[in-house]
């Protein structure tokens, strides 16, 4: 994400500053020296915020329960506060396409909502604009790019490391689909950008009560499954993926040479 922002800053028709913010949550064994050394070598302005959220989470959450909800609230509050202190107008987060898909599935399974995380929105305290520059990037592409660029990897033994974590289970399910059914995740992500309220069941998003025989055909009428269109979209996405990986393999060979 930092690479993308630096490239954008160099080419954008507007001027903006970038400051890298990292939260040191005081997890046991956290290698606190890695990121500062990396950012200093790049010459990037940065701030490491030290807050012992690890102890708070361990104290408040019973053993065997997931720590995500409390941990995320604490991190979000600290990030918002720090952004305000720094005078930042935007908060850039590193969530990618697969995070958005997993969030949508979690909300469906456990929240009863068709909801994910957007690429741009106002923060829940109303004070900042949150952006996600990697929103349309696949996790596996980011992983390959990180290997090519030899980024320092910082392990986390708190978030995502718990057994039976629903987000991890959902992520494993999506990864399994991606392996067994190429193009499925691409179709799902395309679906997030092609919502048809008239063919769902949310009366606040579509006025079903006012429909009568004079309303005319709405969004294709009573066709529930656009099988051919979905299939074609998946094939297009799969072809794009194959072309990308062919180019990527060529780039990797040149990089290694």
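The values are calculated or read from the model by the stated rules, or taken from the named source; none is laboratory data. These numbers were taken from a predicted model, which means no experiment stands behind them. Every residue, glycine among them, receives a Cβ derived from its backbone with ideal geometry; neighbour counts consider all protein chains shown.
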Single condition residue 60 does not satisfy, out of (1) modelled with pLDDT of 85 or more; (2) touching a helix residue (DSSP H, G or I) at 6+ places or on another chain (Cβ under 7 Å); (3) surrounded by fewer than 16 Cβ atoms within 10 Å (Cβ to Cβ): (1)
Considering residues of the range 124-143 that are in contact (Cβ under 8 Å) with a residue 60 or more places away in the chain and in a loop (DSSP other than H, G, I, E, B) only, the residue surrounded by the most Cβ atoms within 10 Å (Cβ to Cβ): 134
Count - residues of the range 172-193 that are over 14 Å from residue 97 (Cβ atoms) and in a helix (DSSP H, G or I): 5
Residues satisfying the stated conditions in the range 144-165, i.e. at pLDDT below 80 and surrounded by 14 or more Cβ atoms within 10 Å (Cβ to Cβ): 158, 159, 162, 165
Residues that are farther than 20 Å from residue 82 by Cα and surrounded by fewer than 16 Cβ atoms within 10 Å (Cβ to Cβ), drawn from the range 22-39: 28, 29, 31, 33, 34, 37
Selected residue (only one of 91, 21, 14, 61 is over 30 Å from residue 205 (Cβ atoms) and either in contact (Cβ under 8 Å) with a residue 12 or more places away in the chain or touching a strand residue (DSSP E or B) at 6+ places or on another chain (Cβ under 6 Å) (or both)): 21
Selection within the range 1-21 - surrounded by fewer than 16 Cβ atoms within 10 Å (Cβ to Cβ) and within 20 Å of residue 151 (Cβ to Cβ): 3, 4, 6, 7, 8, 9, 10, 18, 19
